[in-house]
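The values are calculated or read from the model by the stated rules, or taken from the named source; none is laboratory data. Worth saying up front: this structure is predicted, and the values here are computed from it rather than measured. Positions of Cβ are generated from backbone atoms using ideal geometry, with glycine treated the same way; all protein chains shown enter the neighbour counts.
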Amino acid sequence: MTESFQSLEKIPRHVALIMDGNGRWAQERGLPRIEGHKEGAQSVRAVLRAAAKAGVEFITVYAFSTENWKRPPQEVDGLMKLLVSSLNAYEQELHDNKIRLRIMGQFERLPLPVRLRLQKTLDATRHYTDHTFIIALSYGSRTEIAEATKRIAEKVKAGELDPKKIDEQTVADHLYLPDVPDPELMIRTSGELRLSNFMLWQLSYSEFHITDTYWPDFREEQFFQALEAFNGRDRRYGGVKK
Ligand code: FPP
């Protein structure tokens, strides 16, 4: 599979992924939901490796949404613990592949031990520039846009910003990670045709690849297929083909 990536003409700089179907994967095997998430964490690892191999600079995964806080406390706790154990298990790989970790979302809402563990890896990988791994945690796109709006309004109130000068770039500059380019490709697993409050602003012009595969079964081969599909597309940003 390795050499296949080299056969692709276009490699997206940024790929965003909605990891869906962990629960169903587990249910179909008569396993507790957390087992689906654990297997899903292995898929995250596989995709990170494949992305580094393919030359994708940014990978963003939707690991925990603002809505996910409503899940049973046992599942929320299991996901938080899984995040910490995954970091412990993969940190070396981030260093080996020179991958910088970043977080997108309401960091302060996460439990303190999770924040402390994340902060350690955020600091230890801050200097890497080749690849970036972004975990969307307690993330909601509407909240992100509302928070950006609040900060813009504060600047106007303080006399630092002229309301007449507010444009698309102003909004983009106040989102969580303003220096990260918009994803060219968004992949969603398990066949759902929804955005689920994920990067509404940033995905305005992205190609979507929806696969029926459940996230725990999404590995290098499926990632390659998504890039292949992306290569078959024509992106015109609403303009006309030249
Ligand atoms: C959606 O499946 C998946 C999630 C809410 C959690 C995704 C989290 C991981 C894979 C954990 C590892 C993350 C990292 C960054 C190491 P679902 O539970 O909604 O599935 P269902 O729709 O089949 O119920």
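Brief remarks on what is shown
- Any chance residue 51 is of a type in the set (A, V, I, L, M), buried (at least 17 other Cβ atoms within 10 Å of the Cβ) and either within 16 Å of the chain's Cα centre (by Cα) or more than 10 Å from the ligand (Cβ to nearest atom) (or both): yes
- Flag if residue 136 is part of a helix (DSSP H, G or I), touching a Phe, Trp or Tyr at 6+ places or on another chain (Cβ under 9 Å) and buried (at least 19 other Cβ atoms within 10 Å of the Cβ): no
- Residue within the range 175-197 that is over 22 Å from residue 136 (Cα atoms) and charged (D, E, K, R) present: no
- Residue, nearest to the chain's Cα centre (by Cα), within the range 13-28, restricted to residues that are assigned to a strand (DSSP E or B) and within 11 Å of the ligand (Cβ to nearest atom): 17
- Scanning the range 172-221 for residues that are surrounded by fewer than 17 Cβ atoms within 10 Å (Cβ to Cβ), in contact (Cβ under 8 Å) with a residue 60 or more places away in the chain and not in a loop (DSSP other than H, G, I, E, B) gives a single hit, 221.
- Identity of the residue in the range 58-79, among the polar types (S, T, N, Q) and under 17 Å from the mean Cα position of the chain (by Cα), that ends up nearest to the ligand (Cβ to nearest atom): 68
- Residue 147 being under 24 Å from residue 114 (Cβ atoms) and among the charged types (D, E, K, R): yes
- Check on residue 82, at pLDDT 95 or above and over 20 Å from residue 213 (Cβ atoms): yes
- Within the range 139-166, considering residues that are in a helix (DSSP H, G or I) and among the hydrophobic types (A, V, I, L, M, F, W, C), the one surrounded by the fewest Cβ atoms within 10 Å (Cβ to Cβ): 146
- In the range 30-45, the residues that are at positive phi form no Cβ pair under 9 Å with any partner that is of a type outside the set (S, T, N, Q) and within 6 Å of the ligand (Cβ to nearest atom), whether six or more places apart or across chains.
Condition check ((1) part of a strand (DSSP E or B); (2) among the small types (Gly, Ala, Ser); (3) over 19 Å from residue 133 (Cβ atoms); (4) more than 9 Å from the ligand (Cβ to nearest atom)) across all residues:
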site: 11; (1), (2), (3), (4): no, no, no, yes
site: 30; (1), (2), (3), (4): no, yes, yes, yes
site: 40; (1), (2), (3), (4): no, yes, no, no
site: 46; (1), (2), (3), (4): no, yes, no, yes
site: 56; (1), (2), (3), (4): no, no, no, yes
